[in-house]
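Structure record follows, encoded as structure tokens.
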Amino acid sequence: MFMHVDEAVSPDALVHVREAVASGIGWGCLTLRWDCRSFVYCFGEWASNLRARLGGIPFADQCPFFSRVVYDAIGGMPDLPLMEDYELSLRLRAAGMRPVQLPDEVWASPRRFEKGGPIRVALQMRRLRKLYRSGVSADELLASYEDVR
């Protein structure tokens, strides 16, 4: 399972992840939550969770988890400075593997959205994904991705 260092998961999340993998689920993710409760953040949570469930593309802030067999079958974590979680999801989707989203919550930091403005940051992330899919290297994209730590 992968997660950002500043995230927190619900108390039973790791137990449920272990049970899911033991039951044969190859990969999945948790349900994203942000501490902010304004409409724009609630919409962002909804859209991110929908992207994971229907599009098969969870990001690292949704704590993707894998069985060892699935993780090894797609070559492990891509060695990229940015978009590694996106690339991993793309590989899994291309292999016909869909994630299972557990109801357990992961509380992620909204600081990037707070600093840059939620709509502007969401559009920038969408643009970066589109550029990556069109062949722009992760190294090139990293130059326009601001460190907000």
The stretch 97-149, residues that are under 23 Å from ARG53 (Cα atoms) and open to solvent by 60 Å² or more (accessible area, probe 1.4 Å): ARG98, PRO103, TRP107, ILE119, LEU123, ARG126, ARG127, LYS130, ARG133
Matching residues, the stretch 74-91, being farther than 14 Å from ARG51 by Cα and touching a Pro at 6+ places or on another chain (Cβ under 7 Å): GLU84, GLU87, LEU88
Hey, PRO103 under 26 Å from CYS36 (Cβ atoms) and assigned to a loop (DSSP other than H, G, I, E, B) or not: no
Top-ranked residue of the stretch 34-63 - restricted to ones that are of a type in the set (D, E, K, R) and over 13 Å from the mean Cα position of the chain (by Cα), ranked as nearest to ILE119 (Cα to Cα): ARG37
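Condition first: touching a residue at least 60 places away in the same chain (Cβ under 8 Å) and open to solvent by less than 20 Å² (accessible area, probe 1.4 Å). Now tell me which residues in the stretch 83-96 satisfy that. Quick ask: steps written out before the conclusion?
Quick first cut of the stretch 83-96, residues touching a residue at least 60 places away in the same chain (Cβ under 8 Å) only: 85, 92.
Of everything in the stretch 83-96, just one residue is touching a residue at least 60 places away in the same chain (Cβ under 8 Å) and open to solvent by less than 20 Å² (accessible area, probe 1.4 Å), namely LEU92.
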Leading residue by the ranking (surrounded by the fewest Cβ atoms within 10 Å (Cβ to Cβ)) among those in the stretch 50-64 that are touching a helix residue (DSSP H, G or I) at 6+ places or on another chain (Cβ under 9 Å) and in contact (Cβ under 8 Å) with a residue 40 or more places away in the chain: GLY56
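Go through the stretch 1-49 and give me each residue that's assigned to a helix (DSSP H, G or I), of a type in the set (Phe, Trp, Tyr) and open to solvent by less than 70 Å² (accessible area, probe 1.4 Å).
Of the residues in the stretch 1-49, the ones assigned to a helix (DSSP H, G or I) are 13-22, 39-49.
Of the ones still in play, those that are also of a type in the set (Phe, Trp, Tyr) are 39, 41, 43, 46.
Passing the criteria: only TYR41.
Quick check, is GLY76 under 17 Å from the mean Cα position of the chain (by Cα) and surrounded by fewer than 14 Cβ atoms within 10 Å (Cβ to Cβ)? Talk me through it step by step, then tell me what you get.
Working: under 17 Å from the mean Cα position of the chain (by Cα): yes; surrounded by fewer than 14 Cβ atoms within 10 Å (Cβ to Cβ): yes.
When the stated conditions are applied, GLY76 passes them.
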Test: residue in the stretch 123-134 that is over 21 Å from LEU30 (Cα atoms) and not in a helix (DSSP H, G or I): yes
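The values are calculated or read from the model by the stated rules, or taken from the named source; none is laboratory data. Note that this is a predicted model, so its numbers are computed, not measured. Please note: Cβ atoms are built from the backbone with ideal geometry, for glycine as well, and neighbour counts cover all protein chains shown. Heads up: the accessible areas ignore ligands, DNA and RNA and are worked out on the full protein's heavy atoms, side chains in. Shrake-Rupley method; radii C 1.70, N 1.55, O 1.52, S 1.80 Å.
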